[in-house]
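As structure tokens, the structure follows; a few thoughts come after it.
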Amino acid sequence: MSIKSLLPGSLGFGTAPLGNMFRAIPEEEAAATVEAAWTQGVRYFDTAPFYGAGLSEIRLGDVLAGHPRDEFVLSTKVGRVILDEAEDPSARDLGEKGGLFAHGRPNKMVNDYSADATLRSVEDSLKRLRTDRLDIVWVHDVAQDFYGDEWLAAYESARTGAFRVLQRLRDEGVIKAWGLGVNRVEPLELTLDLDEPKPDAFLLAGRYTLLDHERALQRLLPAAAAQDVDIVVGGPYSSGILAGGTHFEYQKAPAHIVEKVERIKALAERHGVGVKAAALQFALAHPAAVAAIPGATRPERIAEDIAALTDRIPAAFWADLRAERLLAEDAPVPAAS
């Protein structure tokens, strides 16, 4: 099914930060942020066992348990099973994302995309989230950034395991939709080329942003649109660098990215445009994109995201971005309001 009809709007809440990404977040602050999203009308929440070894799911579930289940859409992910035994969170091998959840729970995480592990992961997530059902389930991180040269082996394990299980759960009505949640375009391109199984949507993080969009534009997004596979854009602020932060791709931003952001900022200031608004509206302007799910750990950030959706951006701003080669020639942009 197209998940566009399932999602309650174009803005969701990505809860990776609630897993203590980059820093230890007090419980009250995490809960207040989820409540702020709810109070301001956000009704789509995305999480994953990976985020703090279950911490994000637990925190999200604790707040959402106080709200009617029929009033929100919930997605989580499979591919990592969380065990009761402990490990050092800061010593985990997370590929290019080393140290990302060093402040998360110490529970051991096992990468496993098999059919059995997928079913166990779904059951465990339901318990942590304190709910009786999931709407969307994403197969998490079967890509180069986590598995390097071994990524195709991880992908194949998911194709014969998780993909088939999730398709069956969808066909049986246990979940409403499934797809892949990754930070690279190649696994999504591979999946679109499969005859079976067929996903409903993809969650693509970091690859359709103001800073990095050309690769996705060339093949992935047109192919997804042609097959009615919707795209949820994760990380529209490129891990925070487009929202005033210092991270890009979950690490300290390198000099060439900082320089590029400074050029975007200069044009934004000239046109009286917020960079956050430009980033969010750009991500949603492509016909294949049905929602964006920025993350937040502070309640006030939610209001900023909602305001960024409707801030007026003049056509001249996008034209200047193109002229400065900061935006691909064929990238769709929002219609000037």
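The values are calculated or read from the model by the stated rules, or taken from the named source; none is laboratory data. It should be emphasised that the depicted structure is a prediction, and the values quoted were computed from it without experimental measurement. Here the Cβ positions follow ideal geometry from the backbone for every residue, glycine too, while neighbour counts run over all protein chains shown. Remember, those area values only see protein heavy atoms, side chains included, never the ligands or the DNA or RNA. Shrake-Rupley method; radii C 1.70, N 1.55, O 1.52, S 1.80 Å.
Miscellaneous remarks
- Per-region count, the range 152-178, residues touching a residue at least 24 places away in the same chain (Cβ under 8 Å), farther than 16 Å from L192 by Cα, in a helix (DSSP H, G or I) and open to solvent by 30 Å² or more (accessible area, probe 1.4 Å): 2
- In the range 246-281, residue modelled with the lowest pLDDT [restricted to those that are in contact with a Ser or Thr (Cβ under 7 Å, 6 or more places away or on another chain) and among the small types (G, A, S)]: A253
- Checking A291 against (1) part of a strand (DSSP E or B); (2) farther than 26 Å from K97 by Cβ, the condition it does not meet: (2)
- Residue list for the range 102-127, restricted to those being open to solvent by less than 40 Å² (accessible area, probe 1.4 Å), assigned to a helix (DSSP H, G or I) and within 21 Å of A31 (Cβ to Cβ): S125, L126
- Checking T246 against (1) over 20 Å from D305 (Cβ atoms); (2) open to solvent by 50 Å² or more (accessible area, probe 1.4 Å), the condition it does not meet: (1)
- Scan of the range 203-228 for residues that are out of contact with any strand residue (DSSP E or B) (no Cβ under 9 Å at 6 or more places or on another chain) and part of a helix (DSSP H, G or I), ordered by number: E214, R215, L217, Q218, R219, P222, A223, A226
- Only residues that are in a helix (DSSP H, G or I) and either more than 30 Å from D93 (Cβ to Cβ) or open to solvent by less than 10 Å² (accessible area, probe 1.4 Å) (or both) were counted across the range 29-74, and they come to 19.
- Filter pass, R312 being in a loop (DSSP other than H, G, I, E, B), of a type in the set (K, R), touching a residue at least 12 places away in the same chain (Cβ under 8 Å) and over 27 Å from P187 (Cα atoms): yes
- Candidate set: the range 128-151, residues that are charged (D, E, K, R) and over 21 Å from N183 (Cα atoms); chosen: the one surrounded by the most Cβ atoms within 10 Å (Cβ to Cβ): R128
- Any hit, the range 249-266, residues being open to solvent by 10 Å² or more (accessible area, probe 1.4 Å) and assigned to a strand (DSSP E or B): yes
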